[in-house]
Amino acid sequence: TGNTVSNYGGAATTTYGIYINGQSAPKIENNNVILGAGTTTTAYGINVASACHGYLKINANTVEVSSSATASQLTAINNLAPINTTLDITNNTIQNCAYTTATSGAFQGIYEQAATTGCTVNITGNTISGLNYGSASTTSSGSTYGIYVTGGSPTSVNVNDNIVHDNMTTGTTGSTSY
């Protein structure tokens, strides 16, 4: 809680600003995570790994991620934990993200992919803005998602009162934005 993580990554190794694994009821709150563009493979701002359990709260963080990769995943907030109680991803700001080198890589602002039966997923009050994906000199077939919920089998999913705006896909063909 209350950390600033910046100037991390910058190589061809999967990169994490905040990585949580093997924890019970983790809370990730009030952090600033800033990843510059040097990383050339998969990169995450905040990542919750599969060995976490119990109530999960990701709240009031500011995340800025950028990448120099071409075909990798770039994700600001990611959940891989099979939570079966409550998962709250609330009041986060994801801003000024850049993936201008993308050819087939995907960008996700919030990516929820593992909540299980019994879980209530609440994704509320988040702002996702200022994504710059692709460039006039690249042809890209990747996808961009402001909020992406897939996989898992949560009992209910509530996606409310989020703001997704001013995100730009440039010079691409065949890409999809959500």
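The values are calculated or read from the model by the stated rules, or taken from the named source; none is laboratory data. The structure displayed is predicted, hence computed values, not measured ones. Backbone-built Cβ (ideal geometry, glycine too); neighbour counts: all protein chains shown. Just the protein is used for accessible areas: all its heavy atoms, side chains included, with ligands, DNA and RNA removed. Shrake-Rupley method; radii C 1.70, N 1.55, O 1.52, S 1.80 Å.
Some observations on this one:
- Taking segment 68-178 and the strands (runs of 3 or more DSSP E) fully enclosed by it, the elements with 1 or more residues that are open to solvent by less than 60 Å² (accessible area, probe 1.4 Å) are at 74-79, 86-90, 93-95, 107-112, 120-124, 127-129, 143-149, 156-160.
- Identity of the residue in segment 15-54, among the hydroxyl-bearing types (Ser, Thr, Tyr) and within 18 Å of Ile110 (Cα to Cα), that ends up most open to solvent (accessible area, probe 1.4 Å): Tyr19
- When Gly17, Gly9 are checked against the criterion of being under 18 Å from Asn96 (Cβ atoms) and under 15 Å from the mean Cα position of the chain (by Cα), Gly17 stands alone in meeting it.
- As a summary of the residue check, Val65 satisfies the conditions (1) open to solvent by 10 Å² or more (accessible area, probe 1.4 Å); (2) in contact with a Leu (Cβ under 8 Å, 6 or more places away or on another chain); (3) of a type outside the set (Lys, Arg) except for the one numbered (1).
- Close contacts from segment 136-161, counting a first residue that is on the phi > 0 side of the Ramachandran plot and a second that is surrounded by 12 or more Cβ atoms within 10 Å (Cβ to Cβ) and of a type in the set (Gly, Ala, Ser), with Cβ to Cβ under 9 Å and a gap of 6+ residues or different chains, come to Gly151/Ala114; Gly151/Ala115; Gly152/Ala114; Gly152/Ala115; Asp161/Gly125.
- Between Leu131, Leu80, Leu87, Leu74, the distinction of being in contact (Cβ under 8 Å) with a residue 60 or more places away in the chain and under 24 Å from Thr15 (Cα atoms) belongs to Leu87 only.
- Residue in segment 39-53 that is more than 29 Å from Asn132 (Cα to Cα) and touching a strand residue (DSSP E or B) at 6+ places or on another chain (Cβ under 8 Å) present: yes
- Residue list for segment 23-48, restricted to those being under 13 Å from the mean Cα position of the chain (by Cα), within 21 Å of Asn122 (Cα to Cα) and not polar (S, T, N, Q): Tyr44, Gly45, Ile46, Val48
- Here Gly105, Gly118, Gly109 are screened, and the one residue that is under 18 Å from Val48 (Cα atoms) and touching a residue at least 12 places away in the same chain (Cβ under 8 Å) is Gly109.
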